[in-house]
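Since the structure comes first, as structure tokens, the remarks are kept for the end.
The values are calculated or read from the model by the stated rules, or taken from the named source; none is laboratory data. Note that the structure is a prediction, hence the values are computed from the model and not measured. All Cβ positions, even for glycine, are placed from backbone atoms using ideal geometry, and neighbour counts span all protein chains on display. Side chains included, ligands, DNA and RNA excluded: accessible areas come from the protein's heavy atoms. Shrake-Rupley method; radii C 1.70, N 1.55, O 1.52, S 1.80 Å.
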Amino acid sequence: MFNDVGPLELVTLIVLAVLVFGPEKLPKMIQDVTRTIRKIREFSESAKADIRDELGPEFKDFEFEDLNPKTFIRKQLDNDELGLKEIRNGFDLKKEMAEVTDAAHSRESDSSAAGGSAGGATGGSVDMTKKREKLDADEHPPYDADAT
């Protein structure tokens, strides 16, 4: 509440309070202020309890601090019910890329070895590499409307 009040400002406020209220009335004023703050806190706690009672048992874990978007998002990200930490820790990009590279290189070597038999078609696997077809001298390459 008073996080931005420095020590010099606090001393100034105390001196100002002593000058305005006087040393004999200042303790009574401090008691009145603390009593008022205590009553406000009690009123706010009772209002929160009434709202929780009205919401019912399904909202028993409801916290009013969650209405602040920053607090709500922080709480949801810290919650590990989604398993985000496991997914994040289990995903190794370098390992995945190495596996993809190995798979691509082994597919190329398999397709070149099987290229002499059955016209390049292996039993159930599809060759995904693009091969340039030889065109006749007077033939134009096929027109692709999506490529232009």
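Look at the range 11-33: where a residue is in contact (Cβ under 8 Å) with a residue 12 or more places away in the chain and a partner is of a type outside the set (Gly, Ala, Ser), sitting 6+ places away or on another chain with Cβ atoms under 7 Å, you get Ala17/Leu26; Met29/Phe21. Only one entry of Glu86, Glu58 meets the criterion of being of a type in the set (Asp, Glu), part of a helix (DSSP H, G or I), surrounded by fewer than 10 Cβ atoms within 10 Å (Cβ to Cβ) and at pLDDT below 90, and that entry is Glu58. Taking every residue in the range 36-52 that is basic (Lys, Arg) and pairing it with any residue that is open to solvent by less than 80 Å² (accessible area, probe 1.4 Å), at least 6 positions away or on another chain, the pairs with Cβ-Cβ distances below 9 Å are Lys48/Phe64; Arg52/Phe62. Of all residue pairs spaced 6 or more apart or on separate chains, those with beta-carbon atoms under 9 Å, a first member in the range 76-100 that is within 30 Å of Glu65 (Cβ to Cβ) and a second member that is at pLDDT below 70 and not in a helix (DSSP H, G or I) are Gln76/Leu82; Glu86/Asp80.
Taking the range 61-82 only, how many residues are polar (S, T, N, Q) and not in a helix (DSSP H, G or I)?
Going through the range 61-82, the residues polar (S, T, N, Q) turn out to be 68, 71, 76, 79.
Now narrow it down to the ones that are not in a helix (DSSP H, G or I): 68, 79.
Summing the residues that are polar (S, T, N, Q) and not in a helix (DSSP H, G or I) in the range 61-82 gives 2.
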